[in-house]
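Q: Structure provided below as structure tokens; questions to follow.
The values are calculated or read from the model by the stated rules, or taken from the named source; none is laboratory data. What you see is a predicted model; the values in this text were computed from it and never measured. For neighbour counting, all protein chains shown are included, and Cβ atoms are generated from backbone atoms with ideal geometry for every residue, glycine included. The accessibility values were calculated without ligands, DNA or RNA, using every heavy atom of the protein model including side chains. Shrake-Rupley method; radii C 1.70, N 1.55, O 1.52, S 1.80 Å.
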Amino acid sequence: MKKVLSYILVFLAAFAVCFHGTTIEAAAARNVVVVIDPGHGGTGDRNLGAQYNGLSEKELTLRLANALKAELEKYDGITVYTTRTTDTVVSLEDRAEFAKSVGADFVFSIHFNASSGHEFYGSEVWTSTFGDYYVAGCNFGNIVEAQWSELGLYQKGVKTRIGSSGSDYYGIIRQCAARSMPCVILEHAYLDHVYDTSLIKSADFVNKLAVADATAIAKYYKLRSSKTGADYSSFSYASVKKPGKVLYQDETGPDTCDIKVLGYDTPSGNVLVEMTTSDKQSPVIYFSYSYDGGKTFCPLQMWDRTKATQSFNVKVPGGTTNPVIVCRTYNNYEKGAQSNPVQVTAGF
Ligand SMILES: [Zn+2]
């Protein structure tokens, strides 16, 4: 028995040496090629990207892309290209074609966001809905969102969107998939919401985003840096499953959005509201409330997506008679649902 055991141990040791040897060799031989794509550029409305509060998307994307390239080049075994280095128009097709020509393993398209009603804030990642491209985009998206979260950005999630032709809606993702390359659109933050602009305008924030993106890429590819000593070679993550079907965008709001008033403290004007909301398709991520029956709503608050029921205070200004509370929730596709109204009276 002892002899058998020692044979097994010898065999295992030999196997470990072999296995170790081959992995080191494989890691050394493998060079990752990534293409950073600074969104927009040049003149003309669509080429400027979002322009708000003195912030210009096409300028921010280029600044961030340059900083990200420098940050990534601190790692071993990676070659980094960018699709533009100046303020010029580059078509989505040309960006993808360039990435293909340099043998890109992954294309990271850098963007900043805005919404037509200027109410949303946070970061989001768009990925292809198809097979391995979805898996790559989702896995990377989850890693980068964890990095962004550390900077205080609110995370909206990794999403897919299909166009009317049945292929990926976003051109750069579609063009890259057509050339067998995974691509994600990284919408770092909103230029038209104070929650995000207060961060973007803070000192060195673009460089912080560059470090966050670079760290996520280094983790995804298990890179190490002999320059800085950073070592993500043993980083691991749980991979998402390959989707068995096309994952369409969520076109509908939360399925339920119900409120109860638990109390009304007239001297302070505080109304304690309990809300229950759910959405089978997408996480509920924002909520807002109204005390004037839905005429005006407060700015969007963060909804704890791990709980279906939460309570919060609605502050009713002095002099308001018989306030009517109405609440709204939104999922991460920005589709909303409105609650039942509840009239609260003094002495409730
Ligand atoms: Zn953009």
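Q: Jot down the radius of gyration and Dmax of the range 147-263, Cα atoms only, both in angstrom.
A: When restricted to the Cα atoms of the range 147-263, Rg and Dmax are 18.8, 60 Å.
Q: Given a cut-off of 34 Å, what percent of all Cα-Cα pairs of the chain lie beyond it?
A: Details: 22779 of 60378 pairs.
Counting pairs separated by more than 34 Å, the tail of P(r) holds 38 percent.
Q: Moving to a separate point now. Which net charge results when you count Lys and Arg as +1 and Asp and Glu as -1 among the other residues whose beta-carbon is under 10 Å from that of residue 168?
A: Details: positive: 161, 174; negative: none.
Residues near residue 168 contribute +2 overall.
Q: Let me ask something else about it. Please calculate the 1.4 Å probe accessible area of residue 83, with all protein chains present, and give it to the nearest 10 Å².
A: For residue 83, solvent-accessible area is about 20 Å².
Q: In whole Å, what is the distance between the alpha-carbon centres of the range 188-234 and the range 290-338?
A: 33 Å
Q: Separate question: With every protein chain left in place, what is the accessible area per residue of the chain in square angstrom, probe 1.4 Å?
A: Details: 17080 Å² over 348 residues.
Accessible area per residue: 49 Å².
Q: So what's the projected area for the range 303-346, the Cα convex hull averaged over all directions, in nm²?
A: Values: hull surface 16.0 nm².
If you wrap the Cα atoms of the range 303-346 in a convex hull and average its projections, you get 4.0 nm².
Q: Could you order peptides 101-110, 233-242 by the average number of other Cβ atoms within 10 Å of their residues, highest first?
A: Details: 101-110: 20.9, 233-242: 10.7.
So the peptides 101-110, 233-242, ranked by packing, come out 101-110, 233-242.
Q: So, one more: Which whole-number percent is the relative contact order of the chain (Cα, under 8 Å, 6+ apart)?
A: That works out to 15 percent.
Q: So how exposed is residue 118, as accessible area in Å² (1.4 Å probe, rounded to 10)?
A: 80 Å²
Q: Compute for the range 31-221: radius of gyration divided by Kirkwood radius, i.e. Rg/Rh, restricted to C-alpha atoms, rounded to two decimals. It would help to have the intermediate numbers written out before the result.
A: Values: Rg = 15.2 Å, Rh = 16.4 Å.
Answer for the range 31-221: 0.93.
Q: Take every DSSP beta bridge whose two residues both sit in the chain, then give the antiparallel share in percent to the nearest 5.
A: Working: 37 of 58 bridges.
In the chain, DSSP labels about 65 percent of beta bridges as antiparallel.
Q: Can you give the extra length, in nm with one decimal, that the chain gains between residue 204 and residue 79 once fully stretched, where that is 0.36 nm per residue apart less the Cα-Cα distance?
A: On the way: separation 125, 0.36 × 125 = 45.00 nm, distance 2.50 nm.
Net length gain for the segment: 42.5 nm.
Q: Report, in deg cm²/dmol and to the nearest 500, the calculated mean residue ellipticity at 222 nm for the chain, where each DSSP H run with n ≥ 4 adds -39500 (n - 2.57) and the sum is divided by the residue count.
A: Numbers: 8 runs with 109 residues, N = 348.
Here the helix-only value at 222 nm equals -10000 deg cm²/dmol.
Q: Would you mind counting up the charge near residue 249? Only other residues with Cβ under 14 Å from its Cβ, with Lys and Arg at +1 and Asp and Glu at -1. Before the final figure, lay out the partial values.
A: On the way: positive: 156, 159, 161, 245, 335; negative: 124, 168, 250, 251, 279, 334.
Local net charge: -1.
Q: With contacts defined as alpha carbon pairs under 8 Å and 6 or more residues apart, what's the relative contact order of the range 256-343 in percent? Write out the running numbers ahead of the final one.
A: On the way: 192 pairs, mean separation 31.1, N = 88.
Averaging sequence separation for qualifying contacts and normalising by length gives 35 percent for the range 256-343.
Q: Give the relative contact order (percent, whole number) for the range 31-221; include only Cα pairs under 8 Å separated by 6+ residues.
A: On the way: 388 pairs, mean separation 53.2, N = 191.
With pairs under 8 Å counted, the relative contact order is 28 percent.
Q: Determine the alpha carbon to alpha carbon distance for each of 58/156; 208/280; 208/242 and list only those over 30 Å. Before the final figure, lay out the partial values.
A: Details: 58/156 22 Å; 208/280 35 Å; 208/242 32 Å.
From the list (58/156; 208/280; 208/242), the Cα-Cα distance tops 30 Å for 208/280; 208/242.
Q: Related question: Can you tell me how the range 256-343 classifies by the Cα gyration tensor, rounded, prolate or oblate, using a/c under 1.5 as the rounded cut?
A: On the way: a/c = 2.25, a/b = 1.90, b/c = 1.19.
Note, shape of the range 256-343 comes out prolate.
Q: If the cut-off is a Cα-Cα distance under 24 Å, which lysines reach residue 295, setting aside same-chain residues fewer than 8 apart in sequence?
A: 260, 315, 335
Q: With the full set of protein chains in place, find how many percent of the accessible area of the chain is carbon and sulfur; take the probe as 1.4 Å.
A: Details: 9310 of 17080 Å².
Looking at the chain in its full context, I get 54 percent from C and S.
Q: Just by accessible area at a 1.4 angstrom probe, what is the order of 274, 59 from largest to smallest?
A: I get 59, 274, largest accessible area first.
Q: Moving to a separate point now. From the phi of every residue in the range 46-61, what ³J(HN,Hα) in whole Hz does the Karplus formula 6.51 cos²θ - 1.76 cosθ + 1.60 yield, where θ is phi - 60° and glycine or proline is x?
A: Karplus values, whole Hz, x for Gly and Pro: 5, 7, 6, x, 5, 10, 8, 6, x, 10, 10, 4, 5, 7, 5, 5.
Q: Quick one: net charge of residue 41's neighbours, Cβ under 11 Å, K/R +1, D/E -1? All intermediate terms of the calculation are to be shown ahead of the outcome.
A: Numbers: positive: 46, 58, 84, 95; negative: 37, 57, 59, 87.
Charge balance in the 11 Å sphere: 0.
Q: Still on this structure, I have one more. Please list 88, 215 in order of solvent-accessible area, largest first, computed with a 1.4 Å probe with all protein chains present. Spell out each step's value before the answer.
A: On the way: 88 60, 215 15 Å².
The most accessible residue leads, giving 88, 215.
Q: Mind listing the Cα extents of the range 72-121 along all three principal axes, in Å, largest one first?
A: Cα extents, longest axis first: 43, 26, 20 Å.
Q: Under a 1.4 angstrom probe, counting protein chains only, how are 219, 335 ranked by accessible area, largest first?
A: On the way: 219 35, 335 70 Å².
Of 219, 335, the descending order of accessible area is 335, 219.
Q: Now for a separate question. Just to verify a number: FRET efficiency for residue 268 and residue 343, C-beta to C-beta distance, R0 = 25 Å, to 0.05?
A: Working: r = 19 Å, r/R0 = 0.75.
After rounding, the FRET efficiency stands at 0.85.
Q: What is the distance, in nm, between label points placed 7 Å from the Cα along the Cα-to-Cβ direction at residue 312 and at residue 164?
A: Distance between label points: 3.7 nm.
Q: Using amide H atoms built 1.01 Å from N in the peptide plane, name the residues 5+ places from residue 294, or on other chains, whose amide H lies under 5 Å from its own.
A: 326
Q: Need the full-extension length gain, residue 260 to residue 281, defined as separation in residues times 0.36 nm minus the C-alpha distance. One decimal, nm.
A: 5.1 nm
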